[in-house]
Ligand code: HAM
């Protein structure tokens with residue numbers, strides 16, 4: 001392979017054979033989210049940079065290191081979307097939030113983060129996500145999580161683990177941040193350069209640092225659940241109780257804060273142990289976001305799953321991926337001579353009208369080469385015509401599994417091969 005034909009590092013071509021599974025992930029998303037009353041929202045893949053800056057948080061890795069930001073010819077700063085939530089909030093704000101309105105939307109598509117490429121970590125990756133915007137409450141959070149787990153079950157994933165935590169409300173976080181600052185300042189010598197800065201700028205990000213030494217220190221820090229006020233403790237207890245009554249298993253991960261700053265109360269991640277270091281197949285939580293032009297922050301809850309990672313996890317489970325229906329070729333038309341080729345063009349049209357998947361050889365080639373092609377595409381039946389068959393109004397139909405051959409009248413072919 002030449003470097004000039006390979007896709008850029010961290011990006012991939014999704015080939016026709018693979019696209020079948022992608023379509024299945026998408027089809028299940030449309031199906032599952034619809035029964036919870038969600039509608040699809042498609043936002044642009046690039047937005048004004050400010051849409052992401054304010055929403056995701058200045059101190060996050062995404063904003064600090066990973067956004068694809070560029071100036072367009074008009075001197076505007078634009079950014080390829082690194083995630084879906086910010087654009088959804090911008091789009092809903094554009095429609096106008098009415099008092100008490102609830103918007104339930106889902107989205108599918110490419111996201112862009114300039115991360116170091118690795119297995120399951122791409123620069124262009126794809127998310128399927130949902131946002132329920134305008135209302136809040138622990139029951140709503142639990143319903144959202146239950147929907148995520150239903151989706152993961154529908155696509156065929158079994159070995160997932162749901163991790164749950166809370167970020168409390170702003171007052172809890174002010175109190176907890178002081179506790180964490182105290183905790184980490186005593187250990188600053190062993191922390192990375194970034195975390196020393198974070199001690200002042202955003203102590204939460206230390207809990208999320210992937211550097212080994214920092215992660216070890218963070219593992220000994222107090223859990224968020226220990227630092228909550230009464231109202232937040234009650235809120236989180238209700239989320240847990242709802243999940244239990246819905247029969248959704250979860251594990252507490254009291255130091256999980258997630259990589260975006262907009263969360264409030266419930267946060268969650270679904271991990272799959274079989275896909276290596278990038279084990280998070282989905283993540284989400286409740287948030288409070290003030291989109292540009294809005295006077296007050298708007299509450300919401302949602303999640304996004306990484307489609308590349310879902311497919312890796314499915315392959316790891318040996319599930320072979322979700323079933324998107326059979327894409328094999330029903331019949332391959334072999335024609336000998338220009339007249340037969342032209343007649344096959346018409347026959348292919350008739351058979352396709354009947355819903356059959358048809359490939360026709362339309363080059364003037366020998367029988368052997370055409371049969372080789374039929375084999376290559378995995379055709380179930382091959383229909384063969386030369387001058388003689390053409391004159392008699394028949395085709396020779398070869399069953400490629402049993403190798404049996406029979407003659408069929410042309411007008412009977414679609415009926416005989418009906419799926
Ligand atoms: P996130 O945790 O940044 O959350 O991303 C969600 C999922 O996207 C991850 O669990 C992972 O599966 C996938 N993902 C993230 N980065 C990459 C990458 N570089 N390569 C491959 N897959 C990746 C969000 O994006 C939030 N907007 C989720 C959310 C929605 N929270 C509330 N509503």
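Scanning the stretch 64-93 for residues that are out of contact with any helix residue (DSSP H, G or I) (no Cβ under 9 Å at 6 or more places or on another chain) and touching a residue at least 12 places away in the same chain (Cβ under 8 Å) yields 65, 66, 68, 80, 84, 88, 91, 92, 93. If the condition is being more than 8 Å from the ligand (Cβ to nearest atom) and either free of Cβ contacts under 8 Å to residues at least 12 places away in the same chain or under 16 Å from residue 118 (Cβ atoms) (or both), then the stretch 272-283 contributes 272, 274, 275, 276, 277, 279.
What about residue 369, is it farther than 16 Å from residue 329 by Cβ, surrounded by 11 or more Cβ atoms within 10 Å (Cβ to Cβ) and within 43 Å of the chain's Cα centre (by Cα)? Yes: the conditions hold for residue 369.
Under the condition of being more than 15 Å from residue 333 (Cβ to Cβ), within 47 Å of the chain's Cα centre (by Cα) and assigned to a loop (DSSP other than H, G, I, E, B), the residues counted in the stretch 388-411 number 4.
Checking each residue in the stretch 70-85 for being under 18 Å from residue 261 (Cβ atoms) and more than 12 Å from the ligand (Cβ to nearest atom) picks out only 79.
No lab work stands behind these numbers, since they all come straight from the coordinates. Predicted model, so just to flag it, every value in this text is computed and none were measured. Because the Cβ atoms are built from the backbone with ideal geometry, glycine has one as well, and the counts that use them run over all protein chains shown.
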